[in-house]
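See structure below.
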Amino acid sequence: MEIEAAFGKALKNKRKDLGLTQEELAYQAELQRNYISFLERGIYQPTITTIFKLSAALGCRPSELVTATEELVNTEIS
C-alpha cells in the first residue's frame with residue numbers, strides 16, 4: 001500500500017472509531033472538509049503541522065497516526 005493511501009486509511013479508521021464525520025473533524029482541526037476527504041483518499045499528503053492538528057482533534061498523539069500508517073504499509077509488504 002502506498003504511504004499516502006495508508007495514512008488516509010489510518011485517518012479514516014480513527015475518525016470513524018470516534019464517530020466523527022469529515023466535517024466535524026475538519027472543524028475541530030481547523031481544516032477544510034474537502035481537505036480531509038483528499039487526505040483520506042490518499043490524494044494529498046499532510047504536513048507535520050497538519051498531523052498535529054488532526055491528532056489533537058482526534059484526541060490522540062501524532063505518533064499514533066504515524067504508527068497506524070506504518071502498520072498498514074508493513075502489512076502490505078509482508
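Here, each number is a calculation from the coordinates, and none is a lab measurement. The shown structure was predicted, so the numbers you read here are calculated from the model rather than taken from an experiment. Methodologically, a virtual Cβ is constructed for each residue, glycine included, from the backbone with ideal geometry; neighbour enumeration extends over all protein chains shown.
Taking Lys and Arg as +1 and Asp and Glu as -1, the other residues whose beta-carbon sits under 10 Å from that of residue 21 total +1. Projecting the Cα atoms of 46, 22, 73 onto the charge dipole of the chain (Cβ charges, centred on the Cα centre) puts 22 farthest toward the positive pole. Extension gain for residue 24-residue 48 works out to 6.6 nm (0.36 nm per residue, less the C-alpha to C-alpha distance). For residue 75 and residue 1, the difference between the fully extended length at 0.36 nm per residue and the C-alpha to C-alpha distance is 25.8 nm. Rg/Rh for the chain stands at 0.94; both radii use Cα atoms, and Rh follows the Kirkwood definition.
I want the local charge near residue 68. Using Cβ-Cβ distances under 10 Å, sum +1 for each Lys or Arg and -1 for each Asp or Glu among the other residues. Residues close to residue 68 contribute a combined charge of -1.
If you add up the charges near residue 8, with Lys and Arg at +1 and Asp and Glu at -1, over every other residue whose beta carbon is less than 13 angstrom from its beta carbon, what do you get?
+3
Taking the Cα centre of region 3-77 as reference, the dipole from Cβ charges on Lys and Arg (+1) and Asp and Glu (-1) amounts to some 140 debye. How far is helix 48-58 tilted off the main Cα axis of the chain, in degrees rounded to 10, range 0 to 90? Once rounded, the angle reads 70 degrees.
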